Amino acid sequence: MTRIIAGRAGSLVLDVPDAGTRPTSDRVRESLFGALESADALRGAAVLDLYAGSGALALEAISRGAASADLIEKSPRAATVAQRNAGRVAKAVGPDAVIRVHRSSADAFLRSARGRFDLVFLDPPYDLGDADLSATLALLVPLLSPGAEVVVERGSRSPKPSLPDGLVATRGKRYGDTALWWATTAD
């Protein structure tokens, strides 16, 4: 069972696509969002969730005070689930937050996106190659606000992501089979 852990939509149960996604565990999300709240990275943030799956990461951010979230999911089934979850969270948090679900590949969305993002989650399929991930990160850099946080979730056996110019690694942490890699915009 995947749920919103805290905030205005806390305890709300989320649907999960029946195949093709790997939801981030509650334990990993709790640790991640504790760190984001400590850094005051959520309040009023424009959030981008690439490879959104159920949308749990962006929707947790909305529940905890982010101003907007764009959820990007290529799979039609997963995008439908993310849209349903977004509707539930929007109802729970009220009209203050803007949530948009885009049925698109991450790279296609990044090539056409406008605006700036303060917080970005990338939770690609574990079989996505390092070169493909690096290319996606390079497309992302021009869309980041100064001081933006980027969090990449990978398998714990995956190497540290290769970051393009414009991003600087800040930390990494392993949680069993999952690793989180953090980066921020370079000054």
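Every number here is computed from the coordinates shown, using simple stated rules; none is lab data. Predicted, not measured: the structure shown is a model, and the values here were computed from it. Backbone-built Cβ (ideal geometry, glycine too); neighbour counts: all protein chains shown.
Overview of results
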item: Eligible lysines near K173 by straight Cα distance, threshold 21 Å, same-chain separation 8 or greater; result: K160
item: Shape category assigned to the chain from the gyration tensor of Cα positions, a/c cut at 1.5; result: rounded
item: Alpha-carbon centroid distance for the pair the stretch 1-16 / the stretch 88-167, whole angstrom; result: 21 Å
item: Fewest-first ranking of T178, T136, using other Cβ atoms within 10 Å as the exposure measure; result: T178, T136
item: Footprinting exposure proxy for K74, K160 (fewest neighbouring C-beta atoms within 10 Å first); result: K160, K74
item: The stretch 1-145, relative contact order in percent, only Cα pairs under 8 angstrom and at least six apart counted; result: 25 percent
item: Within the chain: Cβ-based charge dipole about Cα centre, in debye rounded to nearest 20 (Lys, Arg +1; Asp, Glu -1); result: 360 debye
